[in-house]
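Some notes on the structure that comes next.
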Amino acid sequence: MSINYNDALSPYDNKGAVGMVELSESEEELDRKVSVLASLLTESKCCFVIMGAGVSTAAGIADFRGPNGVWTMEKEGKNSASIDFLEAKPTLTHYALVALEKAGILKWMVSQNVDGLCGRSGFPMDRLAELHGNVFCEKCDRCGRMYYRPFAIPTVGGKLTGRYCDGTPQGRRCRGRLIDFTLDWEGELPEPQYTTSCKFACDADLVLCLGTSLQIVPVGNYPLSVKRNGGKIVTVNLQKTKHEKKADLAIHAKVDQVMAKLMAAMGLSIDHLKEVPIDEPILESAHPMFKFEEKKKNKRMKKEEIKEEETEEKKVKKEEENQETSEEKIEEEKSEVIIREEEKIEELKEEEQEGSEEREEESEKAEEEKTEKNGEIEEEKRIEMNGESLESEENKSGRIKEEIDEVIAIVDEIPETAVHSTSVSQSFESL
């Protein structure tokens, strides 16, 4: 039913951050922090709880912002696994909160869940503000009487269900028509639950936030009101919350794990608590309603702070819209960067191809020049060798001539005889 519930809501883009990293305390640190929480609850005179989707994950119902949450998976174009609300059973945390209320420690609870598990755990309805509604509930549009059904109402946003009011609990007749009691985006928060919740946010000395990131307003800003009035904030969530830095105690662990240790530390038992029928919830608490201090200054302060909460809500909404716009702008810039990088890569490829062609041309040219140069060197060597050959022949002829001249000079020194002279002359002439 959780996925059907999400599909039934109107389209809404500003859902805040999703898929945040989950953290986990060491066993030693967890025990220390639970001990501190037990002390804070024992000392508190007015404590109220803010419950988020993280409480019902132990029942098999998907949350919204976790790693496998409805909105996290939706952002990835996928569906989140979740069981039907009717099949879900109250968790250890639901029963632990019943025990705290019975002990007179917990004065009020604000639930952002629409699964109806608070009522089925036996938590009294007159101490519970289901500000986002309940899929198993109808409300008379005239007298405001609530009708709890053993089946889920298929609509959200205060639409007519086709059924009519049976009359007031006091027996007065009423001709009102019944509407669903599940809030849609931008819908009006139910009264008087909303006003009572604002009073607790202004007067409480301790707020315990369980399984919520505190991103949805106005509920997400209640801890700030508590802090401004001197109260303390405790958060129990696997992911960091929106007001993590302002929390007096932040515990990162599964809610059921923390509440089990808390029950042991405070000596409270939940073994005797049982699930009640979905259409027969406990309507009234055994304890009287907490009495708020009625002082004029405080009353004026409350009105001003409620107005501040509404202003803060608008401010947060605007910040979320700006964040969404900023994210879209970042995505556009990323796309532009990718396109520019791709264009740059193409240009580099073209330049590399052109450079490769130029290098091939230069290589061919260098090869031609090398071949031409080698030819010139060979020619020079050939000419040089020819020159050396000519020079060798000339030198040889010169030496022969010198030798002849030497022989002639020797012959001139020999005494002349007709026979010898003639024979020698003839001999040299034959040379």
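The values are calculated or read from the model by the stated rules, or taken from the named source; none is laboratory data. Since the model is a prediction, treat every value here as computed from it, not as a measurement. A quick note on method: Cβ atoms are made from the backbone with ideal geometry, for glycine too, and the neighbour counts reach across all protein chains shown.
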Review point. Name the pairs: first residue in region 6-25 and surrounded by 11 or more Cβ atoms within 10 Å (Cβ to Cβ), second residue at pLDDT below 70 and not in a loop (DSSP other than H, G, I, E, B), Cβ to Cβ under 7 Å, at least 6 apart or on different chains?
Key: Asn14/Lys317; Asn14/Glu320; Asn14/Glu321; Asn14/Glu324; Gly16/Glu320
Check your understanding: Has region 54-72 got any residue that is in contact (Cβ under 8 Å) with a residue 60 or more places away in the chain, among the basic types (Lys, Arg) and over 20 Å from Asn237 (Cβ atoms)?
Key -> no
Revision key, fill the gap. Counting only residues in region 39-55 that are among the hydrophobic types (A, V, I, L, M, F, W, C) and more than 16 Å from Glu101 (Cβ to Cβ), the one surrounded by the most Cβ atoms within 10 Å (Cβ to Cβ) is identified as Ala53
Review point. Would it be correct to say that Gly230 is in a loop (DSSP other than H, G, I, E, B), under 32 Å from the mean Cα position of the chain (by Cα) and either surrounded by fewer than 23 Cβ atoms within 10 Å (Cβ to Cβ) or on the phi > 0 side of the Ramachandran plot (or both)?
Key: no
Study note, to complete from the structure: Out of (1) more than 17 Å from Leu189 (Cα to Cα); (2) touching a residue at least 60 places away in the same chain (Cβ under 8 Å); (3) surrounded by fewer than 21 Cβ atoms within 10 Å (Cβ to Cβ), the one Met125 does not meet is (1)
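Pick out, from region 80-167, the strands (runs of 3 or more DSSP E) lying fully within it that include 3 or more residues that are within 20 Å of Ala53 (Cα to Cα) and out of contact with any helix residue (DSSP H, G or I) (no Cβ under 7 Å at 6 or more places or on another chain). Please lay out each step first, then the result.
On the way: elements: 106-111, 128-130, 133-140, 146-148, 160-164.
Per the criteria, 133-140.
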Exercise for review: Answer yes if at least one residue in region 188-211 is within 20 Å of Val255 (Cβ to Cβ) and of a type in the set (Val, Ile, Thr), and no otherwise.
Suggested key: yes
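Could you run through region 175-223 and say how many residues are assigned to a loop (DSSP other than H, G, I, E, B) and either farther than 27 Å from Ala38 by Cα or not acidic (Asp, Glu) (or both)? Please lay out each step first, then the result.
Pass one, region 175-223, residues assigned to a loop (DSSP other than H, G, I, E, B): 175-176, 183-192, 204-205, 211-218.
Now drop any that are not either farther than 27 Å from Ala38 by Cα or not acidic (Asp, Glu) (or both), which leaves 175-176, 183-192, 204, 211-218.
Within region 175-223, residues that are assigned to a loop (DSSP other than H, G, I, E, B) and either farther than 27 Å from Ala38 by Cα or not acidic (Asp, Glu) (or both) number 21.
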